[in-house]
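> Quick one: the structure is below, and I'll ask about it shortly.
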Amino acid sequence: MSSSIFIARRFLKFQPSPERRHFISFITFISIIGVTLGVAALIIALTILGGFEKEIKEKVTGFSTHIQVVGFQNQTLRDWQKTKQIILAKFPSVESVSPFVMKEGMVNFGDATDGVIVKGIDGEHDAGVKKYLVQGNFSFAKIQDGLYSCVIGKKLLRKLNAQLNDTVLVFGLPGTAQNFNQPTILAFVVTGVYESGMSEYDDVYFYTNLEAAQALFNLWGGISGFDVTLFNVNQADDVAKGIMDELGYPYYARTLFQTYRNLFTWIELQKKPIPLILGLIIAVASVNIIGTLLMLVLEKRKQIGILRSLGASQREIKRIFLLQGFVVAVVGTLAGDIISFIVCWLQLHFQFFSLPAAIYFMSSVPIDFQIQNFVIVSAVSIVMCVAASYIPAHLASKLDPVKAIRFS
C-alpha cells in the first residue's frame, strides 16, 4: 500500500478532535448523499425516458406498422394483389405487405351505441393485436352467413356493457361521404378482447377479417391500403418515398413517424433537456465535495505541514486529497447505482406508479434497463467529482509547512 493511500484512509477515518470529527464526518456524509441522489435521479430519469420511447414505439408500430400505403383522399384501391407483389419484388427491405380495409362505423349492443374504426385485416396478419389479447382467442373465422367474429378493445367492450362471445351489430356506410346510401348491418361475435393501455386504440379499433370488412362497406375486391412491415424501421422514410415513386398516383405512403409525429417529437424534446437539468444535481454535489475537502484541509493543515517537513512532495499531498475525493465519488456513485436499480426493478415488476392511459398511451410508468445509462452516468459522476477535488488538493499541496505547523 502506498503512503498516499494509507494517509488518505487515516484522514477519512480518524479525527483528533471529537467535535470536529462529528462535523467533518457529517459534511462528508452530506457530500456522499448529494452524489448518490444526483446519480440515482439521472439514471432513473434516463431509464424512464427510454421506457417511454420503447413502449410507444412498440405499441404504435404494432398497431400502425412501419408504413401504411393508402389511396389518395381515401380512394379504394383495386387490383391490389399485383401491387402487393410489386412492393415485395422492388423493395428487399420489406418484410411483409398486408392488405386492409379501414373505415368508420357504429357498433351497437343492447341500448349502447358507440363509434368505431372497423379494420379488416388479412388472416395471416395480426396488426399487433395478438400480443395484447387478454380474453378469448385471436380468430376471425366466419361463423355463418352474415355472422362474423371480431376482436375489440376491453374499454370498448366495457362501454357497450358486453361480454366475451356476445353478438354485436355493426353499421357501415358504404361509398363516399357524398353518397347517402343505406348502411350495411352485419352481426359479429366477440371472440377476443385486447388491452394495450393505449386508449386511442382500446376505445376505438374494431378488428375483423378482410372479407367481413369488405362486405360491411360494399368494397368487394377493393381495399383501403397496405400495412408494410420492414426489417429495419429506420429505413421507413426511404422506403416510403421509393414506394410512392414506384407506384405513383393514387398511392400515398406515410410512415409511423409521420403519423405520430407529435409523439416522437415529444419524446425527443424530453430526452434532450432532462439529462442536462438533472446533471446539475451531480454538479452541485461536486461543489459540495470542494467544500468538504477544503474544511478537511483546514482541519489537517498541521498534519500536512508535518508531512511536508518529513519530505512529502506537493504531488503526494495533492494525491492524498484527490484520493479522498475519489472515494467520496465512488461510494456516492455506487450507492446511486444501487438505489436507481432497486427503484427501477420494483417499478418494472410491481408497477407501483400508474399513469392515465388516455394521456400517456400506457397505464404505468415504463422502464427500459440499459447498461450504458449506468456506465455513462457513473463515469461522468466520478470524473466530475475527482475534477472538483483538484481545487482543495492543489491548495493543500501549496501550504507552507512552517506556517502550517506554527499556526495550527
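The values are calculated or read from the model by the stated rules, or taken from the named source; none is laboratory data. Predicted model only: the values in this text are computed from it and were never measured. Counting neighbours? That spans all protein chains shown, and the Cβs are built from the backbone with ideal geometry, glycine included.
> Go through the range 41-125 and tell me which strands (runs of 3 or more DSSP E), entirely inside it, have 1 or more residues that are within 30 Å of residue 340 (Cβ to Cβ).
Numbers: elements: 67-71, 94-109, 112-121.
Of the strands (runs of 3 or more DSSP E) lying wholly inside the range 41-125, none has at least 1 residues that are within 30 Å of residue 340 (Cβ to Cβ).
> Let me ask another. Scanning for something surrounded by fewer than 21 Cβ atoms within 10 Å (Cβ to Cβ) and closer than 30 Å to residue 345 by Cβ, does the range 106-114 turn up at least one residue?
Scanning the range 106-114 turns up no residue that is surrounded by fewer than 21 Cβ atoms within 10 Å (Cβ to Cβ) and closer than 30 Å to residue 345 by Cβ.
> Turning to a different aspect of this structure: Being modelled with pLDDT under 85 and closer than 23 Å to residue 221 by Cβ, is that true of even one residue in the range 94-117? Walk me through it before giving the result.
As a first pass, look at the range 94-117 and keep what is modelled with pLDDT under 85: none.
Among the residues of the range 94-117, not one is modelled with pLDDT under 85 and closer than 23 Å to residue 221 by Cβ, which makes the answer no.
> For residue 335, state whether it is at pLDDT 80 or above, touching a Ser or Thr at 6+ places or on another chain (Cβ under 9 Å), assigned by TED's automatic domain parsing to the domain that holds residue 391 and of a type in the set (A, V, I, L, M, F, W, C).
On the way: at pLDDT 80 or above: yes; touching a Ser or Thr at 6+ places or on another chain (Cβ under 9 Å): yes; assigned by TED's automatic domain parsing to the domain that holds residue 391: yes; of a type in the set (A, V, I, L, M, F, W, C): yes.
Here the answer is yes, as residue 335 does meet what is asked.
> Are any residues in the range 352-386 out of contact with any Gly (no Cβ under 9 Å at 6 or more places or on another chain), surrounded by fewer than 16 Cβ atoms within 10 Å (Cβ to Cβ) and either outside the structural domain of residue 276 (by TED's automatic domain parsing) or at pLDDT 85 or above (or both), and if so, which ones?
371, 372, 375, 376, 379, 383
> Could you say which residue among 129, 189 is of a type in the set (Val, Ile, Thr), farther than 21 Å from residue 222 by Cα and at pLDDT below 90? Working first, answer last.
Details: 189 fails: at pLDDT below 90.
On inspection, the qualifying residue turns out to be 129.
> Still on this structure, please answer the following. I'm checking my understanding of the structure. Among residues of the range 298-312 that are assigned to a helix (DSSP H, G or I) and not charged (D, E, K, R), which one is surrounded by the fewest Cβ atoms within 10 Å (Cβ to Cβ)? Even if it seems obvious, please write down each step before you answer.
If we filter the range 298-312 for residues that are assigned to a helix (DSSP H, G or I), which is where we start, we get 298-299, 301-309.
Subset that is not charged (D, E, K, R): 298, 303-307, 309.
Working: 298: 15, 303: 17, 304: 25, 305: 20, 306: 15, 307: 21, 309: 12.
Per the stated criteria, the residue is 309.
> Go through the range 115-132 residue by residue and tally those that are closer than 20 Å to residue 204 by Cβ and buried (at least 17 other Cβ atoms within 10 Å of the Cβ). Break it down stepwise before answering.
From the range 115-132, those closer than 20 Å to residue 204 by Cβ are 115-121, 125-132; that's our starting set.
Going one step further and asking which of them are buried (at least 17 other Cβ atoms within 10 Å of the Cβ), we end up with 116, 118-121, 125-129, 132.
Selection size over the range 115-132: 11.
> Another question, if that's okay. Test residue 379 against the criterion of being touching a residue at least 60 places away in the same chain (Cβ under 8 Å), small (Gly, Ala, Ser) and within 19 Å of residue 33 (Cα to Cα), and give yes or no.
Details: touching a residue at least 60 places away in the same chain (Cβ under 8 Å): no; small (Gly, Ala, Ser): yes; within 19 Å of residue 33 (Cα to Cα): yes.
No: the conditions fail for residue 379.
> Can you tell me how many residues within the range 343-357 are more than 17 Å from residue 50 (Cα to Cα) and part of a helix (DSSP H, G or I)?
The qualifying residues number 2.
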